[in-house]
Amino acid sequence: MLAVAEYLGYTAGAVSQQIAALEKNVGAQLITKMGRNVALTDSGTVLAEHAERILAAELSALDALRAVKEEVAAPLLVGTFGSTAATLLPPVVAAAQRRYPHLKLSSRELELDEVVTAVQRRQVDVAFGLDYPSNPMQRSSDIEMITLRTERFDLAVSAGAYGIRTEFTIDLRDAADWNWIMPPPDSQFGRAVRTACRQVGFEPVVRHESFDTAVSLALAGKGLGATFVTDMMVSLNSSVPIVRVGLTQNITRRIVLIRLSNSDARPTVRAITEIVRAVVDPTGPDTTIP
């Protein structure tokens with residue numbers, strides 16, 4: 001109850017009063033005490049499931065009403081994270097303004113590991129995310145992930161480091177003794193790249209940890225280690241003098257758009273999904289991951 005109150009910005013007493021009023025209206029007990037905590041009763045669980053559909057229907061109806069004149073005009077909040085905020089969001093906003101001038105598009109930067117939860121809690125309408133085959137994002141029946149583009153990982157090092165002068169391809173095993181620049185191991189990306197190294201038989205020696213891709217590239221450019229990169233990541237700090245080293249291993253990630261299941265019924269969500277697909281990969285497949 002305290003967590004719900006904090007999340008909603010209410011007092012615990014106000015939440016209790018709302019629950020009591022709801023129980024009176026539906027004629028059933030919705031929560032029950034379990035030690036110091038509370039849990040949903042069977043009736044509460046059923047009502048919560050219906051509430052999800054009711055809220056989704058309300059949003060769809062409001063969008064549809066605003067679109068009576070065939071205009072996409074409702075507010076829409078897009079969740080982003082570091083690299084998408086810098087590389088994908090500006091062209092998406094520009095395209096949306098050209099095509100739907102009355103669409104009230106705004107954005108909110110999120111922690112990458114929190115984007116699914118943010119969509120589920122309706123803190124944002126849609127969100128960009130990254131899905132790693134070796135460390136996939138959480139799945140649930142109320143969420144769908146639309147693949148926008150698949151990127152392959154290379155390594156970035158400074159010219160001359162580890163005897164490398166020009167771009168070429170190596171087996172990841174050959175980099176087992178290198179120093180590494182990686183995100184922390186409790187992050188999605190950090191787990192994914194460590195898994196890639198472990199799958200070929202070594203534990204990377206991580207000298208520098210950073211969530212910031214631009215910082216990681218800057219450190220690599222100074223000869224302080226190697227870091228995993230994709231085309232989108234390199235564009236964040238393209239002025240850094242690095243050499244890209246290809247890998248014989250096919251280590252990839254998917255850039256995805258996360259939205260609530262069945263939200264394609266909302267004109268605004270449908271419109272932004274089409275725009276994002278066209279901006280991120282105009283020739284890419286139309287793929288939805290359940």
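When Thr195, Thr169 are checked against the criterion of being open to solvent by 60 Å² or more (accessible area, probe 1.4 Å) and touching a residue at least 40 places away in the same chain (Cβ under 8 Å), a single residue qualifies: Thr169. Only residues that are free of Cβ contacts under 8 Å to residues at least 60 places away in the same chain, surrounded by 15 or more Cβ atoms within 10 Å (Cβ to Cβ) and in contact with a Phe, Trp or Tyr (Cβ under 7 Å, 6 or more places away or on another chain) were counted across the range 80-121, and they come to 3.
Checked against (1) open to solvent by 60 Å² or more (accessible area, probe 1.4 Å); (2) out of contact with any Gly (no Cβ under 8 Å at 6 or more places or on another chain); (3) assigned to a strand (DSSP E or B), Arg207 meets all criteria but (2). So for the range 124-136 (the condition being over 30 Å from Leu55 (Cβ atoms), within 15 Å of the chain's Cα centre (by Cα), surrounded by 19 or more Cβ atoms within 10 Å (Cβ to Cβ) and not polar (S, T, N, Q)), does at least one residue qualify? The answer is yes, given that some residue of the range 124-136 is over 30 Å from Leu55 (Cβ atoms), within 15 Å of the chain's Cα centre (by Cα), surrounded by 19 or more Cβ atoms within 10 Å (Cβ to Cβ) and not polar (S, T, N, Q). If only residues of the range 258-268 that are at pLDDT 90 or above and crowded, with 22+ Cβ neighbours inside 10 Å are counted, the one that is nearest to Asp125 (Cα to Cα) is Arg259. In this structure, Arg259 does not qualify as of a type in the set (Lys, Arg) and out of contact with any helix residue (DSSP H, G or I) (no Cβ under 7 Å at 6 or more places or on another chain).
The values are calculated or read from the model by the stated rules, or taken from the named source; none is laboratory data. Just so we're clear, the structure is a prediction, and the values are computed from it rather than from any experiment. Counting neighbours? That spans all protein chains shown, and the Cβs are built from the backbone with ideal geometry, glycine included. For the accessible areas, the whole protein counts, side chains as well, though only heavy atoms, and no ligand, DNA or RNA atoms are used. Shrake-Rupley method; radii C 1.70, N 1.55, O 1.52, S 1.80 Å.
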